[in-house]
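The values are calculated or read from the model by the stated rules, or taken from the named source; none is laboratory data. What you are looking at is a predicted structure, and each value in this text was computed from that prediction instead of being measured. Quick reminder, even Gly has a Cβ in these numbers, built from the backbone with ideal geometry, and neighbours come from all protein chains shown.
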Amino acid sequence: MNELTTYTPIGREPDEHAIRQQFTAAKGWENQYRLIIQLGKLLPALPTEWQQEEFRLKGCESQAWLKGEQSEDGRWHFACDSDARIVRGLIVIVLAALNHRSTEAIQAFDVDGYFAELGLEKHLSPSRGNGLRAIVQGIVALATA
């Protein structure tokens, strides 16, 4: 069994449907921003041995790391962390959509539509938006390598 197959970074992870519902219920950007911070608190720190240059995400202004492995059933399992609170919340949002899925499901998922529905791109600073895209690109790169 792979390391990440049994590593469940959030315990009972929300899926993209739960994230959509939470964003709909959190009316207005201030409440949604607070939600992102709260989601980030669900994400435990990565083990120290995974917080190294080999796993560092490029394109994030903050420090961020991503580790991914494919299990025997073809699903990808990801662990990700950052030193920034808002990025940690964004990681949870991305993992809700892409973690524990097949390569095909990761490639087929409409990430841009998901982010647009949540209103992330229009409210995030350009550097945070770049970091958000870097997380997704890192996952896609691992899953399609």
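For residues that are in contact with an Asp or Glu (Cβ under 9 Å, 6 or more places away or on another chain) and of a type in the set (D, E, K, R), scanning just the stretch 57-82, find the one that is farthest from residue 47 (Cα to Cα).
First, the residues of the stretch 57-82 that are in contact with an Asp or Glu (Cβ under 9 Å, 6 or more places away or on another chain): 62-67, 69, 74, 76-79.
Still in the running and of a type in the set (D, E, K, R): 67, 69.
Details: 67: 11, 69: 15 Å.
Residue satisfying both the conditions and the ranking: 69.
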Cβ-Cβ distance below 6 Å, separation of 6 or more or different chains: which pairs start in the stretch 34-46 with a residue that is closer than 18 Å to residue 63 by Cβ and end on one that is aromatic (Phe, Trp, Tyr) and modelled with pLDDT of 85 or more? 46/65
Matching entry among 61, 54, 69 (being within 18 Å of residue 135 (Cα to Cα), in contact with a helix residue (DSSP H, G or I) (Cβ under 6 Å, 6 or more places away or on another chain), at pLDDT 90 or above and acidic (Asp, Glu)): 69
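For the subset of the stretch 68-122 comprising residues that are assigned to a helix (DSSP H, G or I) and among the basic types (Lys, Arg), which member is surrounded by the most Cβ atoms within 10 Å (Cβ to Cβ)?
Going through the stretch 68-122, the residues assigned to a helix (DSSP H, G or I) turn out to be 85-98, 103-108, 111-118, 120-122.
Retained after the next criterion (residues that are among the basic types (Lys, Arg)): 85, 88, 122.
On the way: 85: 15, 88: 23, 122: 10.
That would be 88.
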Please name all residue pairs, on different chains or six or more residues apart, with Cβ atoms under 7 Å, provided the first residue is in the stretch 90-115 and is in contact (Cβ under 8 Å) with a residue 60 or more places away in the chain and the second residue is aromatic (Phe, Trp, Tyr) and surrounded by fewer than 23 Cβ atoms within 10 Å (Cβ to Cβ). 97/109; 97/114
Could you please find all residues in the stretch 1-27 being modelled with pLDDT under 90 and part of a loop (DSSP other than H, G, I, E, B)? 1, 2, 7, 8, 9, 10, 11, 12, 13, 14, 15, 27
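For every residue, the table says whether it meets (1) among the aromatic types (Phe, Trp, Tyr); (2) under 21 Å from residue 20 (Cβ atoms).
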position: 45; (1), (2): no, no
position: 69; (1), (2): no, no
position: 85; (1), (2): no, no
position: 89; (1), (2): no, yes
position: 109; (1), (2): yes, yes
position: 117; (1), (2): no, yes
position: 124; (1), (2): no, yes
position: 130; (1), (2): no, no
position: 141; (1), (2): no, no
